[in-house]
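See below for the structure under consideration.
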Amino acid sequence: MKKKWWHEKIGYQIYPKSFLDTNGDGVGDLAGVIEKLPYLEQLGVDILWLSPVYPSPMVDNGYDISDYENIDPRFGTLEDMDRLIAEAKKKNISIIMDLVVNHCSDQHAWFQKAIADPKGPYGDYFYLKEGKDGKEPNNWRSYFGGSVWEKLPGQENLFYYHAYAKEQPDLNWENPALREEIYKMVNWWLDRGIAGFRIDAIINIKKDLTWEDLPVDGPDGRGFLTNSITRMQKRDGGTKNGIGVFLRELKERCFAPHDAFTVGEVFEVDREQLEEFIGEDGYFSTMFAFDPIQSYKKGTCQCEFDRNMNPDEWKQDVFVNQKLLGDIAFEANIIENHDEPTGVSRFLPDYAQNPTGTKMLGTISVLLRGIPFIYQGQEIGMQNAVWNTVDEYNDINTIDQYHTARDAGLTDKEALEACSRLSRDNARTPMQWNTQENAGFTTGTPWLKVNDNYTEINVETQDTDPDSVLNYYRKLIALRKSPAYKEVFAYGEFLPVYQNTSSVMAYYRKTENQRILITANFGKEAVSLTLEYPVKQILLSNMASAEPSLPSNDIITLNSCEVLVFELETL
Ligand code: GLC
Ligand code: CA
C-alpha cells in the first residue's frame, strides 16, 4: 500500500455548536475551538473535522447551508476561521470542513432565484418536476419522513426534490454549471488552507432519473428513497458510470491537485465497491466504517431499534469489515458521531458502562486498522442523556420519529423511550468541560440541554486523575502514534483471534517483525485465554491498579471489562 500523509493520523470530530461557547449566547463558536487547541494537542489528535459552520438557518443544525463561502455569525467570521487554520497548523493539526453538496438550504440565493424564475438558469440547479394532477411526482419517502417532493413556492403543479428536510432542496449534479460552482467553492476553501473535507450524504447526488415509483414499504404508502439508489446501481451494473463520473471529476478538479484528505459519508454501496471508492485510486481518501455500527439498523425508524448492541454481534461485524478491507483500503473507524448515540451507551452492556468499560471500548476501536475518528466527548466517556419531554429535543429527525411513533399509537412515554435510545441529540449535548454551571460550556443558556451527569463526567475532573478515561485516551493515542509502534498500528495486518470465545474481542496487529495482541473481555465473568506466543511486554492496561504483571505461564485471565495490549514475540 502506498503511504499517504494521513495514514498515521488520528481524527477528531468537533460539533461546533456544542463544543465551547465563548460569548455567552449559548452556542459554541470558532473562538471556542481555538481556545481548546492546546487541549486537543495534548490529547494527540491530528485532523479536526468541523461539522458545518457556514451560514445556515439551522433547520438541520448547519447541514442546510445558505452560503458556502462564509461563516455563520453564530460561529464567528472568516477571519476566525483563518485564525483557527493558522493556529492549528502551528500545532501540526489539520482542519477539515464538512462538504454538504447534495443539498443546500432553501434560503440559499440559488434556490431563491429558482423560485423567482423556475425556467431560468437557477431552476436547473435543482430537480423541479411537474406533479401528477397536483400530487407529488412519485411515492418516494425522504430520510426525515414524508415525501421527497415539496411544491415550489408560488407554483400549482411544480415540485422540487429534497432527500432530507423540505428546507434542504437537492442540487442538480447533472447540470455542469452547478458542478462548476461547487468545484470553485471547494478549491476556494482548500486554497484557504484547510486540509480537506468530510463529505456529507454524498451517495445521494446521483438520482434515478426514471423517477419510477418504489415498492411501498410503510404504512404511509411510500417507498424509502435509498431503495431508488440500490435499484439504480443494480440497473447500471454498479456506480462507475453513475455517481462515479461526478466523484471522479470532483476528485480530479479539487482534491487531487491539493493532495486533500477526504472522508466520505457513504452508504448504499457494497463492499465490492470499496476499491472504487477508497482504494489506491479511489474517489476519496477514506470513508467511515458504518457497517459495524449500523448493521442492526434494519428499519427506517429510530424507534425500531429498541436494544443495545450485543458485543458478540458487534465483534463479528467489525471483524468481517476489517477482513474485507484487507490491504485494499483504510476506513475511518468510529464508535459514535453527531448522528448516532454515544458509543458507551450503545455498545456497552449496563454493567460495563463505567470508566473501565469505556476504556476497553476505546482501545478496541482506536487500535483497529484504519484511521480512528474520535467524537468530541468520547475521550471522557460522555453518555446518552435522559430525555424527559419531547420539548427537550432539538433534532428535526428525532422530533419526526417521535410523531411517527405517536401516529403509530404509542403513548407519549413509549414514544419518548423509543426515540431516546438512538436520538441524534444524545451526541449533541454540550461538551462537559468542568463542574461549573452548564458544565463550563456556556455562561448563557445552552441551545441544547447539558447532560445531568456532567458533575461526574467532565474534562477538568479527569485531567488531574491519572486513572481517568481522558488520561487513558491520551495514553492510548500516544501508544498508537509512538515511534516504536506507529508502523504496526497504521499498516500492520489485522488478524482476529479467540473468535469463538464468547464476550472476548481480540485481534493481532502484525508486521514482519512486530506482533501486538489487543484483547478485551466484554463479559460479566473473568475469562482465561492461552497465549499463542510468548509475551515481550504489556503495552497498555485499563485496570486502575499499578503496573500489570506479566503472566508467569502462557495463560492470561481477563477480568470483566478488562483490556490488555501486549507485544508478543513474532516467532
Ligand atoms: C448527514 C449528516 C446529518 C445530516 C444529513 C443531511 O447524514 O451527518 O447530520 O442531517 O447528512 O445533511
Ligand atoms: Ca457563542
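The values are calculated or read from the model by the stated rules, or taken from the named source; none is laboratory data. Values in this document were obtained by computation on a predicted structure and should not be read as measured data. Heads up, the Cβs are rebuilt from the backbone with ideal geometry, glycines too, and the neighbour counts pull from every protein chain shown. When the accessible area is computed, the model is the full protein with side chains, heavy atoms only, and any ligands, DNA or RNA have been set aside. Shrake-Rupley method; radii C 1.70, N 1.55, O 1.52, S 1.80 Å.
The table for this structure:
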quantity: CD proxy at 222 nm, helix term only [per DSSP H run n ≥ 4: -39500 (n - 2.57); per residue of the chain; nearest 500]; calculated: -8000 deg cm²/dmol
quantity: Two-site FRET efficiency, Tyr491 against Glu130, from Cβ-Cβ distance with R₀ of 51 Å, rounded to 0.05; calculated: 0.40
quantity: Net charge over other residues, Cβ less than 13 angstrom from the Cβ of Ala177 (K, R count +1; D, E count -1); calculated: -1
quantity: Shape call, region 309-457: gyration tensor on alpha carbons, a/c limit 1.5; calculated: oblate
quantity: Loop sites in region 205-290: GluC sites (Glu not before Pro), DSSP, at most 10 other Cβ within 10 Å; calculated: Glu280
quantity: Per-residue SASA entry for Trp211, accessible area with 1.4 Å probe, Å² rounded to 10; calculated: 30 Å²
quantity: Area accessible to solvent at Leu158, 1.4 Å probe radius, in Å²; calculated: 30 Å²
quantity: Gyration tensor verdict on the chain (Cα atoms; rounded if a/c is under 1.5, prolate if a/b is larger than b/c, oblate otherwise); calculated: prolate
quantity: Cα centroid separation, region 498-567 to region 146-176 (Å); calculated: 54 Å
quantity: Inter-probe distance in nm under a simple model that places probes 7 Å from Cα toward Cβ, at Thr464 and Glu156; calculated: 7.3 nm
quantity: Extended-chain gain in nm, criterion 0.36 nm per residue less alpha-carbon gap, Asp117 and Lys234; calculated: 38.5 nm
quantity: Contact order relative to length of region 475-517, as percent, for alpha carbon pairs under 8 angstrom and 6 or more apart; calculated: 30 percent
quantity: Rough spin-label spacing in nm, given labels placed 7 Å along Cα→Cβ, for Lys3 and Asn553; calculated: 4.3 nm
quantity: Length-normalised contact order for region 1-153 - Cα pairs under 8 Å, 6+ apart - percent; calculated: 17 percent
quantity: Helix 469-481 axis, angle to the chain major axis (alpha carbon atoms, nearest 10°); calculated: 90 degrees
quantity: Amide proton proximity set for Met287, modelled H, under 5 Å, gap of 5+; calculated: Gly264, Ala332
quantity: DSSP beta bridge pairing in the chain, given as percent antiparallel to the nearest 5; calculated: 60 percent
quantity: Point-to-point label distance, Arg248-Ala177, nm (Cα→Cβ direction, 7 Å offset); calculated: 2.6 nm
quantity: The chain - percent relative contact order, Cα under 8 Å, separation 6 or more; calculated: 13 percent
quantity: Region 102-112 - phi-based ³J(HN,Hα) in whole Hz, Karplus 6.51/-1.76/1.60, Gly and Pro as x; calculated: 6, 8, 10, 8, 5, 8, 5, 4, 4, 6, 4
quantity: About the Cα centre, charge dipole magnitude for region 74-208 (Lys/Arg +1, Asp/Glu -1 at Cβ), debye; calculated: 360 debye
quantity: Share of carbon and sulfur in the accessible heavy-atom surface of region 1-105 [1.4 Å probe, %]; calculated: 46 percent
quantity: 5 angstrom amide H check on Arg515, placed H, neighbours 5+ away; calculated: Leu568
quantity: Translational diffusion coefficient (Stokes-Einstein; Kirkwood radius from C-alpha pairs) of region 50-167 at 20 °C, 1.002 mPa s, in µm²/s; calculated: 135 µm²/s
quantity: Where His258, His108 fall by accessible area, highest first, once all protein chains stay in place (1.4 Å); calculated: His258, His108
quantity: Separation of alpha-carbon centers, region 5-24 and region 322-374, rounded to whole Å; calculated: 17 Å
quantity: Whether region 526-571 is rounded, prolate or oblate, judged on the alpha carbon gyration tensor where a/c under 1.5 counts as rounded; calculated: oblate
quantity: Stretch gain in nm, segment Lys536-Asp291, where the contour uses 0.36 nm per residue and the Cα spacing is subtracted; calculated: 84.8 nm
quantity: Residue-level accessible surface for Arg406, protein heavy atoms, 1.4 Å, Å²; calculated: 100 Å²
quantity: Built amide H within the under 5 Å cut-off of Phe261, gap 5+; calculated: Gly196, Phe197
quantity: Within the accessible area of region 112-228 (1.4 Å probe), percent carbon and sulfur; calculated: 50 percent
quantity: Distance from region 383-461 to region 69-92 (C-alpha centre basis), Å; calculated: 28 Å
quantity: Probe 1.4 Å, accessible area per residue of region 502-542, Å²; calculated: 39 Å²
quantity: Ranked order, Lys2, Lys132 - accessible area, probe 1.4 Å, largest first; calculated: Lys2, Lys132
